[in-house]
Amino acid sequence: SVEYTFADGSKFFFDGRCVNGAEGIYSSYVHGTKGVAIAARANGWESPLYAVKAHSDANYERCAHRMVVAAAVGHIRPAFASHNLRSLAFAIAAARAHNLPADGYEVQVLHGMATPLHAAIRDLGVRTRVYCPMGDLIPGMSYLVRRLLENTANDSFVQNAKHADDAALAGLLADPALALTAAGAEPTTAPSFSNEPVAELRRAATRNRYVRALSEVRPRLGFDVPLIIGGTERRTTDTMESVDPGHTATLVCRSSLADGRHVDEAVSLAKQSLTEWGRRTTAARATVLLKAADLMRRRKHDLSALIVFEAGKPIGEADADVCEAIDFLVYYAHLSLVPPPTLTQVPGERNDVVLRPRGVGVVISPWNFPLAIPCGMVAGSLVTGNSVILKPAEQTPGVALELVRLLHSAGVPGNALHLLPGRGEVAGAALVEHPDVSFIVFTGSRAVGLGINRAASVVHPGQRHVKKVVAEMGGKNPILIDGDADLDVAVPAIVKSAFAYAGQKCSAASRLIVVRSVFDEVVERVAGAMALLTIDHPSNPAADMGPVIDQESADRVRAYHQLAVREATVMSASLELPSGGYYVEPVLAVTDDPRSRLATDEIFGPVLTAMAADDLEHAVALADDTDVALTASVFSRSPASIAMVAERLEAGNLYVNRGCTGAMVARQPFGGHRLFGCGAKAGGPDYLAQFQSVTVVTENTQRQGFAPDL
């Protein structure tokens, strides 16, 4: 690959890819796979492929011209391969205009295809190379099918030229740029909800925006996080420090800590707020959420940068965290405006559903999605008319502060949303046990979640309701590999699912269950891919994996490393670890004991346990032998096998031929079964219902006469 830089700063890569710094042109030659276009559309990116043939024709001419310019100064000797007469004529004319010698370029054509074109080019004195495919039968057949599809397509130059009269031929030879102008823009229809596009970090300009944001946020670290009660910021003498897990000498923030008195005050004000916030129209509350989404969208880069420093997330993961938070705000705003269900009606009566807020809600959020998860839990509670007290994770109070300030700026009243950073055993326990709290929304460890369920079930004096608990409590997620799986697709997905963000997602892959016929190959390839991981501070755009969140996590993961050395075959990546942070080595542990601690404990770190299965049905049985059924993946090319797994494997989210992380709001509502927790799937159509109480109003419509004057 040869890179040439033009005077305007744009670049040309002579591997078939043209990138213009001003226009962002990507040649369909390199990116010419349907999957690339589909991925771009799914992520909301500008597609690197051309959907209209005239785009490709125009781009070919731009590329040809740049190649000629580079050839004129002696950098390359270009070759133009095409059977489009207009494209070749443009290339030859450009070569002559720049005085390239006859042997300074050539035209390449396929043997047996459009043979008169070969002779015509040769008669012009242009060097012509005729080529034909050679090699194995099966790849050759696919090549033949591709050529047949191209040459019989409705917009194929060769196909159309065979039957063209003079007028039609003139159209084929027209400047494709003019054809695009005449055609105009293609109509598009925007859906009512679409996911916020994640950053396309393969583009240098996008990466540079995040690098700039990191440099701007870094000097602001070391700030104070106050309590926010009734819209007023309070500071306490009892504080806790939050440090950068990738560089522990860096203080991110110092947080004030709430106690029981602060809890009582916040709950009292939140209860009072129900008469104002709870009685606003649903549309008014939804508008506040949409405004918050817009504010968050404008601050996407600096919020992502703060997440990088405080939560230790690589840039791409931090960006996705912010995008998911925006999705929750927009989706729940839209969802709140959906009319309540219609009941059966009969003559003489009218039946209606009236939805009311439950009351004061407590949100206890985790550190691994420090913006998205608390934002979703808070937004769902607020838009249904409840007031909320947010107790963030002890490791990430700084991100929570930005969330609460942003929601207040968008119009959430101070009494409707409070921030109480504090220790779980103090502030958290007081909030869960408070008799005026109507519901608790929690994401975190199983031990804490089960403790919240027990404490919330106790009815205290003066309490007039049973507390609702919505809890998400982790996973032990399997990836199943069938004997016919496409390993080129499976292996990168396995590595990303297990080790992105150091395995610190409740959806992360922790068990790899492989059909025995391909087990050795899969293990070897996964280990090889692990050896290519870059472990560094998450502010480095090239980092595949950063640190774990704190010293306790690092110690726990290293203890499982030692267990793996004793009880399994360890396929360690032997990677160089940075100093100064909570960095641990990713490990692949091969075991034949499906009930070992490695295969059953939730480690919440970069440890992947691999097991062999006799066949895919055995793999399903191994995968299903766990207390938690959250996410799972299966890689197979057999529709029957995929259907069998979907029917038999219990999982909240089952992914086919893709990794088991990265659920998208409204597309893959997220949540599991068994000891994963309780409550509706986040980002799904029934999520808001759990924050509302339902009254059915039945009216006798057979009244007589008019209402008397009173």
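Couple of notes before you dig in:
- Among the residues of the range 249-277, those identified as polar (S, T, N, Q) and touching a residue at least 40 places away in the same chain (Cβ under 8 Å) are Thr250, Ser255, Ser256, Ser268, Gln272, Ser273.
- Considering residues of the range 204-231 that are under 25 Å from the mean Cα position of the chain (by Cα) and free of Cβ contacts under 8 Å to residues at least 60 places away in the same chain only, the residue nearest to Ala293 (Cα to Cα): Thr206
- Residues satisfying the stated conditions in the range 327-352, i.e. within 26 Å of Lys291 (Cβ to Cβ), surrounded by fewer than 24 Cβ atoms within 10 Å (Cβ to Cβ) and of a type in the set (Val, Ile, Thr): Val338
- Checked against the criterion of being in contact with a His (Cβ under 9 Å, 6 or more places away or on another chain) and either of a type in the set (S, T, N, Q) or not in a loop (DSSP other than H, G, I, E, B) (or both), the range 499-514 has at least one qualifying residue.
- Options Val288, Val308: the member that is surrounded by 18 or more Cβ atoms within 10 Å (Cβ to Cβ) and closer than 17 Å to Val404 by Cβ: Val288
- Test result for Leu49, over 44 Å from the mean Cα position of the chain (by Cα), buried (at least 17 other Cβ atoms within 10 Å of the Cβ) and among the hydrophobic types (A, V, I, L, M, F, W, C): no
- Screening Pro219, Pro197 for residues that are of a type outside the set (Lys, Arg) and assigned to a loop (DSSP other than H, G, I, E, B) leaves exactly one candidate, Pro197.
- Single condition Ala427 does not satisfy, out of (1) closer than 24 Å to Glu552 by Cα; (2) hydrophobic (A, V, I, L, M, F, W, C); (3) open to solvent by 10 Å² or more (accessible area, probe 1.4 Å); (4) in contact (Cβ under 8 Å) with a residue 60 or more places away in the chain: (3)
- When residues in the range 83-115 are screened for being open to solvent by 40 Å² or more (accessible area, probe 1.4 Å) and of a type in the set (A, V, I, L, M, F, W, C), 6 of them pass.
- All positions within the range 596-615 that are over 30 Å from Gln551 (Cβ atoms) and either open to solvent by less than 10 Å² (accessible area, probe 1.4 Å) or assigned to a loop (DSSP other than H, G, I, E, B) (or both): Met611, Ala613, Asp614, Asp615
- Looking only at the range 355-399, and only at residues there that are free of Cβ contacts under 8 Å to residues at least 60 places away in the same chain and in contact with a Pro (Cβ under 8 Å, 6 or more places away or on another chain), the one that is farthest from Val330 (Cα to Cα): Ala393
- In the range 574-595, the residues that are more than 26 Å from the chain's Cα centre (by Cα), of a type in the set (A, V, I, L, M, F, W, C) and in a loop (DSSP other than H, G, I, E, B): Leu575, Leu577
- Search result, residues across the range 66-82 that are open to solvent by 30 Å² or more (accessible area, probe 1.4 Å), in contact (Cβ under 8 Å) with a residue 12 or more places away in the chain and part of a loop (DSSP other than H, G, I, E, B): His75, Ile76, Arg77
- Helices (runs of 4 or more DSSP H) completely within the range 382-468 that count 1 or more residues being within 28 Å of the chain's Cα centre (by Cα) and under 24 Å from Leu630 (Cβ atoms): 397-410, 446-456
The values are calculated or read from the model by the stated rules, or taken from the named source; none is laboratory data. Predicted, not measured: the structure shown is a model, and the values here were computed from it. Neighbour counts run over all protein chains shown; Cβ positions are idealised from the backbone, glycine included. Heavy atoms of the whole protein, side chains included, go into the accessibility calculation; ligands, DNA and RNA do not. Shrake-Rupley method; radii C 1.70, N 1.55, O 1.52, S 1.80 Å.
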